[in-house]
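Step one of this worksheet: look at the structure below.
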Amino acid sequence: MKKPQILLADDHPEMVLVVQRQVDEMVSIVGVVHDGVELLRAAEVLRPDIILLDISMPHMNGLEAARRLLALMPELRIIFLTVHARPFYVTEAFRLGAQGYVLKSSAHELPIAIDRIMQGGRFLSSTLRETHPEIVSADSHE
C-alpha cells in the first residue's frame, strides 16, 4: 500500500523534527513550509493526501489557510497539530472541515490520527477528550 503523502506546515524547526520522528515510517513527507502563504502555494503544487498544520503561523494562521485550502481542494485531509487546547479552536477547526486535531504535547498520537483519517475517520487528542468532554462530539472516535 502506498504511504500517505504529508505536507507539514509549522514555523518551529524542532517541531518539524518531532513530527518526522513520529511518522517517518508510515508516511512520505513531501514538503515542509513555515507559514500559511507558503502552505497555500505548496499544497496546490504537491497535492498531498494530508496536511499537518499549526494554527499559529506567520503571514496567515492555520485556520484561515485551512479554510482557503478546503475551498480549493475539498478532498484534502487536514490535521491540526497545535498547542491551542481551548475548545473554541477545536470546534472551529472541525467546523472548517479538519479531520483531526492533535496537541503538540500529544504528538505521539500522530500515527493513530493519520491511520484513522486515512480510513475515513476523525481524530481528537486524548488529552482534549479527557479535559473537555463537551467537544468530544466533534470526534467520531468510537
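The values are calculated or read from the model by the stated rules, or taken from the named source; none is laboratory data. Note that this is a predicted model, so its numbers are computed, not measured. Quick reminder, even Gly has a Cβ in these numbers, built from the backbone with ideal geometry, and neighbours come from all protein chains shown.
Of all residue pairs spaced 6 or more apart or on separate chains, those with beta-carbon atoms under 8 Å, a first member in the stretch 38-67 that is in a strand (DSSP E or B) and a second member that is crowded, with 22+ Cβ neighbours inside 10 Å and among the acidic types (Asp, Glu) are Leu52/Asp10; Leu53/Asp10.
Looking at Arg21, is it charged (D, E, K, R), surrounded by fewer than 18 Cβ atoms within 10 Å (Cβ to Cβ) and at pLDDT 95 or above? Show your work before the answer.
On the way: charged (D, E, K, R): yes; surrounded by fewer than 18 Cβ atoms within 10 Å (Cβ to Cβ): yes; at pLDDT 95 or above: no.
Answer is no for this residue.
Looking across the stretch 2-31, just one residue is part of a loop (DSSP other than H, G, I, E, B), touching a Lys or Arg at 6+ places or on another chain (Cβ under 8 Å) and under 15 Å from Arg47 (Cα atoms), and that is Val27. Does Glu130 count as in a loop (DSSP other than H, G, I, E, B), modelled with pLDDT under 95 and loosely packed, with under 14 Cβ neighbours inside 10 Å? Against the criterion (in a loop (DSSP other than H, G, I, E, B), modelled with pLDDT under 95 and loosely packed, with under 14 Cβ neighbours inside 10 Å), Glu130 does not qualify.
Okay, residues lined up against (1) in a helix (DSSP H, G or I); (2) basic (Lys, Arg); (3) over 17 Å from Val19 (Cα atoms):
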site: Pro74; (1), (2), (3): no, no, yes
site: Phe80; (1), (2), (3): no, no, no
site: Thr91; (1), (2), (3): yes, no, yes
site: Arg95; (1), (2), (3): yes, yes, yes
site: Ala98; (1), (2), (3): no, no, yes
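Checked across the stretch 49-57, the condition of being within 14 Å of the chain's Cα centre (by Cα), surrounded by 19 or more Cβ atoms within 10 Å (Cβ to Cβ) and of a type in the set (Ser, Thr, Tyr) holds for no residue.
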